[in-house]
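To start, the structure under review is shown below, and the notes come after it.
Read the figures in this text as sums done on the coordinates, not as results from a lab. All values reported here derive from a predicted model rather than from experimental measurement. Don't worry about glycine lacking a Cβ; one is built from the backbone with ideal geometry, like all the others, and counts go over all protein chains shown.
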Amino acid sequence: MNKGPSAARAAAEALAAIDVPDGIHPFVIPPFTSLEAVAGLLEATRWQVGAQNMHWEDEGAWTGEISPPMVRECGATLIELGHSERREHFGETDVTVNLKVKAALHHGLSPLICIGDSAEEYASGATHDTLARQVRMALHELPAASIGAIRLAYEPVWAIGAQGRAAESDFVAAAHARLRSVLAELAGVDIARRVPILYGGSVSLENASGYTALADVDGVFIGRSAWSPAGLEAIIRSVAS
């Protein structure tokens, strides 16, 4: 819940001016009030634009909700689903994430599915079981080909936000390797290799390239360190180098 229409337009104009290095596939996910403007400003660039959430129905008596066709009409092609803040504060469940993933794919939106373990799950050694459950539930009843169209973002709940702490590289590497194996169980090794698995959680200019150097980390999902276009550009160049 940052950057209203004016601030978002200014940020999008700055992003459009960045010379994105080859091999980098950048995206930005603004609030709904800024979605159409940002998508329009970035339409002719390499930036992909997404929405932060959506309902699974096309229309109906769902006051306050946004439908997949509305997201598409605003110009977005990516949809963030299951963020831990949605799960904690707004009643999102593994079941509703699955409904939204299916709806997104039906409407040609690329789902970016957020998964993560709590501090308690991390402390008790339940991280891998938690992530595997969330992935299996999110992808329930999806054919292998559809699984190849999704992206995963692992964000430890204990690592995000102002009070979060960055996860150690060895831990991230193990978690992502386990996620890759779960995808292979569900869709086969070839498709599992094609699914981008991003890491998010206190990602910064200082640690981003260290995470992306790991074998099963295909990118980073950045919050506050990317609020400034200049800060985001610096991270992009660090990762690219």
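Grab the beta carbon distance between Glu185 and Thr77, set R0 = 30 Å, and tell me the FRET efficiency rounded to 0.05. Each step should come with its number before you reach the end.
Details: r = 28 Å, r/R0 = 0.94.
Result of the calculation: an efficiency of 0.60.
Relative to the Cα centre, what is the charge dipole magnitude of the stretch 31-84, using +1 at the beta carbon of each Lys and Arg, -1 at the beta carbon of each Asp and Glu, and rounding to the nearest 20 debye?
Result for the stretch 31-84 is approximately 260 debye, rounded to the nearest 20.
Are there chymotrypsin sites (Phe, Trp or Tyr not before Pro) in the stretch 17-106 that DSSP marks as loop and that have at most 12 other Cβ atoms within 10 Å, and which are they?
Details: sites: Phe27, Phe32, Trp47, Trp56, Trp62, Phe90; in loops: Trp47, Trp56, Trp62.
Loop-located and lightly packed - Trp62.
How do the peptides 114-123, 225-234 rank, highest first, by the average count of neighbouring beta carbon atoms within 10 Å per residue?
114-123, 225-234
Among Val95, Val217, Val157, which one moves the most in a GNM of the chain with springs linking Cα atoms closer than 10 Å?
Of Val95, Val217, Val157, the most mobile in the Gaussian network model is Val95.
Relative to the present Cα-Cα distance, how much length would full extension add between Ala240 and Glu206 at 0.36 nm per residue of separation?
Using 0.36 nm per residue and subtracting the Cα-Cα distance, I get 10.9 nm.
Taking the simple approach of a point 7 Å from Cα along Cα-to-Cβ for both Met1 and Arg193, what is their distance in nm?
My value for the distance between the label points is 4.4 nm.
Using +1 at the Cβ of each Lys and Arg and -1 at the Cβ of each Asp and Glu in the chain, identify which of Gly164, Ala119, Ala76 lies farthest towards the dipole's positive end.
The listed residue farthest towards the positive side: Ala76.
Give, rounded to the nearest 20 debye, the magnitude of the charge dipole that the chain has about its Cα centre when Lys and Arg contribute +1 at Cβ and Asp and Glu contribute -1 at Cβ.
240 debye
Take the Cα of Phe171, step 7 Å along the line toward its Cβ, and report every residue of the stretch 220-240 whose backbone nitrogen sits under 20 Å from that point.
Residues 220-225 fall inside that zone.
Working only with C-alpha atoms, what are the Rg and Dmax values of the stretch 172-241, expressed in angstrom?
Rg then Dmax for the stretch 172-241, in Å: 13.3, 40.
What whole-number volume per residue, in cubic angstrom, does the convex hull of the C-alpha atoms of the stretch 109-178 give? Let's see the in-between values first.
Working: hull volume 6.7 nm³, N = 70.
With only Cα atoms used, the stretch 109-178 gives 95 Å³ per residue.
Can you tell me, using C-alpha contacts under 8 Å and at least 6 residues apart, the relative contact order of the stretch 116-189 as a whole percent?
In percent, rounded to a whole number, it is 42.
With +1 on each Lys and Arg Cβ and -1 on each Asp and Glu Cβ, how big is the dipole of the stretch 177-228 about its Cα centre, in debye rounded to the nearest 20?
For this selection, approximately 60 debye.
Using a cut-off of under 12 Å, list every residue of the stretch 195-225 whose amide N is near the label point 7 Å from the Cα of Ala162 along the Cα-to-beta-carbon line.
Within reach of a label on Ala162: no residues.
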